[in-house]
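Chemist: The structure's right below; bear with me while I get my questions together.
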Amino acid sequence: MQLNSLTVYKNGSQLRQVKFRKGLNIIVDLGDSNSSTGNSVGKSTLSRLVDYIFLSDGEDIYSEPEFGNVIPDVYEFIVLNKIIVELEFQGFNKKRRTLSRSLEVKVKECNYYVDKTEVTLEKYTDILSSEIFGIFHSKPSIRHLANRFVRNNNRKMQNTVNMLNRYVKKDEYDEMYRFLYGFNNLDLLLERSLVKKEISQKKNNLTAYRTPHTEDVLYRLLRPVEEREQAAKQRIMNFDFSGTEAGNVNALKSIRDEISELVIKISNVESKISYSERSISRLMKSSVEFQGKELAEIYSDAGAALSSELKRSYLELTIFHDALIKNKHHLIERDLVKKREELNNLNALIELAYQREQEVFEKVKEPAVLDSIVTAMDELAKIKDELASVKSSISKIEDTKSEKELLEKRLKRIAVEITDLSSLFDKYLEMFNKHFSRISHIFYGESYKLKMADPSDKKSKIHIANKSPNSTGGKKKGEISAFDFAYIDFINESQLKRPTFIFHDSIEDVDKKQILSIFEYASEMNGQYIVALLRDKIADSDFSGILSKSKILELSEIDKFFKI
């Protein structure tokens, strides 16, 4: 993918447009006055506006970075005018698209646009996720990735791998880097944990259903009860009826058979309804009680480090978990509605049968005959209830066994996918390190390597391995350039759907020789390096050719970014 341009509209008219190019993109001050420092003209504004398109809150656009004080003229400019920020890009499918967002000091008042058509935030986020960052699942977050590719403050420019804010946990870094290096479906890790949990629940259900009798015992109990049922039916058939009384008794027998069948059906449906309601209850409970221990298991299985005290917030923990159970909840609820409707119909039928039974009772003229028939039928009804209970117990066990087998097959498929993705991740990390070692050697004569955290060591972190660790200042920024350029080269080789642009800010403390090396490499790179810096840092003749070719924006005291 590629960034094409960023355009700012003021009250419907184009205020400024910056076109991006392949390779090196330089933002500088004009440097046309002895009294001008080149600061506070808006060189960092471009990256902040791009970051705003990537769903930042935008406060860094109108506030000072150190203390957060509002910049009055910029704040008023935003409040008093209708400002639209528009990013044109070419997505992974090579199609040109635009994402636009109204610039507001209150995020809730923002309007969002895709290809100049107003859309919901959800739709906007979907396009941003899939077509710029290559996110097709719930993790990692857009904001984490945006901070990885838009390094426009001191923290991001002084931390090669841990550039996110200080509240971000170690496991979130693991998650982000696994995505960046080809583990495309982080949701699989959570899905595996949830399937394991469901299998465990099925095992618990089977234990409960097999108490006091296992299915083998129940099948052995079934035959004697069925034989008793046939014997009871035969006794009723053997009654000798004569005259009109025979018709009433036969009618009563037929109604009693119908009632017995309805009782069995009602019992089965009620059992299924109860099971479905318990399933929904478990799903709802799971939605609100999903805890950090599942997360720890997920990351342990994935080979990622997670301290016991580093737990996800409720929202972050449950966002995908809820998405997984939402569909299942819907399916069970839909089936439950049908079962309740079926139960209502059966209850209506049995009520009519009882009414017909009462009508027949009123017609019987010989109480002794009636007593004998009722006694025999009551005995048959009890046997049928016993039979229904045994069959219902068998049915619950067999249904649960089938569900457990399906879950176990699903778990095996997930395990195969995770194994494949983990192998691919290792291959891609090695591929990246090949580029990182090569470029860092070009810049500093040292070979750097990205190391993932050791899951068996809680103190272990993702880090850069090199001969002279803990570099700071200009050398650290050079290391970051090598790291980011290596990622772009890695993406070009691997063909993963990931960004191939990077924004850097304030590299003035990098040695001029290294800046020249960085610029020369970026100029030939199949990606986009967008960097803002003071002109006096590159005033030497060595930079004149590069600057004339790669400058995309030049600002001054009389031509600030927002022209205010």
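The values are calculated or read from the model by the stated rules, or taken from the named source; none is laboratory data. Only a predicted model underlies this, so the values are computations on that prediction, with no experimental measurement involved. Glycine gets a Cβ as well: all are built from the backbone with ideal geometry, and neighbour counts include every protein chain shown. Just the protein is used for accessible areas: all its heavy atoms, side chains included, with ligands, DNA and RNA removed. Shrake-Rupley method; radii C 1.70, N 1.55, O 1.52, S 1.80 Å.
Chemist: I need a count of the residues in segment 412-452 that are touching a residue at least 60 places away in the same chain (Cβ under 8 Å) and either assigned to a strand (DSSP E or B) or touching a strand residue (DSSP E or B) at 6+ places or on another chain (Cβ under 8 Å) (or both).
Modeler: Of the residues in segment 412-452, 3 are touching a residue at least 60 places away in the same chain (Cβ under 8 Å) and either assigned to a strand (DSSP E or B) or touching a strand residue (DSSP E or B) at 6+ places or on another chain (Cβ under 8 Å) (or both).
Chemist: A follow-up question, please. Return only the number of the condition from (1) under 24 Å from the mean Cα position of the chain (by Cα); (2) within 18 Å of Val150 (Cβ to Cβ) that Leu103 does not satisfy.
Modeler: It is condition (1) that Leu103 fails.
Chemist: On to the next question. Only one of Ile78, Ile27 is under 30 Å from Gly527 (Cβ atoms) and out of contact with any His (no Cβ under 9 Å at 6 or more places or on another chain). Can you tell me which?
Modeler: Ile27
Chemist: Looking at Gly42, Gly68 in this structure, which one is exposed (fewer than 15 other Cβ atoms within 10 Å of the Cβ) and of a type in the set (Gly, Ala, Ser)?
Modeler: Gly68
Chemist: A follow-up question, please. State the number of residues belonging to segment 97-149 that are closer than 24 Å to Asn159 by Cα, open to solvent by 40 Å² or more (accessible area, probe 1.4 Å) and either in contact with a strand residue (DSSP E or B) (Cβ under 8 Å, 6 or more places away or on another chain) or among the acidic types (Asp, Glu) (or both).
Modeler: Matching residues across segment 97-149 total 0.
Conditions (1) acidic (Asp, Glu); (2) buried (at least 17 other Cβ atoms within 10 Å of the Cβ); (3) at pLDDT below 85; (4) out of contact with any strand residue (DSSP E or B) (no Cβ under 6 Å at 6 or more places or on another chain), marked per residue:
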position	(1), (2), (3), (4)
Ile325	no, yes, yes, yes
His330	no, no, yes, yes
Ile373	no, yes, yes, yes
Lys382	no, no, no, yes
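Chemist: Are there any pairs, at least 6 apart or on different chains, whose C-beta atoms fall under 6 Å, with the first in segment 120-145 and farther than 25 Å from Glu109 by Cβ and the second assigned to a helix (DSSP H, G or I) and open to solvent by 60 Å² or more (accessible area, probe 1.4 Å), and if so, which?
Modeler: Partner pairs satisfying both residue conditions: Ser138/Ile319.
Chemist: Here's a follow-up. Which of the residues that make up segment 121-155 are charged (D, E, K, R) and at pLDDT below 90?
Modeler: Matches in segment 121-155: Lys139, Arg155.
Chemist: While we're looking at this one, here's another question. Could you go through segment 398-411 and let me know if any residue there is open to solvent by 70 Å² or more (accessible area, probe 1.4 Å), out of contact with any strand residue (DSSP E or B) (no Cβ under 8 Å at 6 or more places or on another chain), closer than 30 Å to Glu258 by Cβ and at pLDDT 90 or above.
Modeler: yes
Chemist: Okay, moving on. In segment 350-367, is there at least one residue being open to solvent by less than 80 Å² (accessible area, probe 1.4 Å) and either in contact with a Cys (Cβ under 7 Å, 6 or more places away or on another chain) or more than 17 Å from Ser254 (Cα to Cα) (or both)? Write out each step before concluding.
Modeler: So in segment 350-367, the residues open to solvent by less than 80 Å² (accessible area, probe 1.4 Å) come out as 350, 353, 357, 360-361, 364.
Restricting the remaining residues to those that are either in contact with a Cys (Cβ under 7 Å, 6 or more places away or on another chain) or more than 17 Å from Ser254 (Cα to Cα) (or both) gives none.
No, because not a single residue in segment 350-367 is open to solvent by less than 80 Å² (accessible area, probe 1.4 Å) and either in contact with a Cys (Cβ under 7 Å, 6 or more places away or on another chain) or more than 17 Å from Ser254 (Cα to Cα) (or both).
Chemist: Let me ask another. How about segment 160-171: which of its residues are in contact (Cβ under 8 Å) with a residue 60 or more places away in the chain and either surrounded by fewer than 19 Cβ atoms within 10 Å (Cβ to Cβ) or not acidic (Asp, Glu) (or both)?
Modeler: Thr160, Val161, Asn162, Lys169, Lys170
Chemist: Across segment 9-29, what is the total count of residues that are free of Cβ contacts under 8 Å to residues at least 60 places away in the same chain and within 36 Å of the chain's Cα centre (by Cα)?
Modeler: The number of residues fulfilling the criteria is 1.
Condition check ((1) at pLDDT below 95; (2) touching a helix residue (DSSP H, G or I) at 6+ places or on another chain (Cβ under 7 Å); (3) open to solvent by 30 Å² or more (accessible area, probe 1.4 Å); (4) farther than 30 Å from Ser130 by Cα) across all residues:
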residue	(1), (2), (3), (4)
Ala486	no, yes, no, no
Ile507	yes, yes, no, yes
Ser544	yes, no, yes, yes
Leu555	yes, no, no, yes
Lys563	yes, no, yes, yes
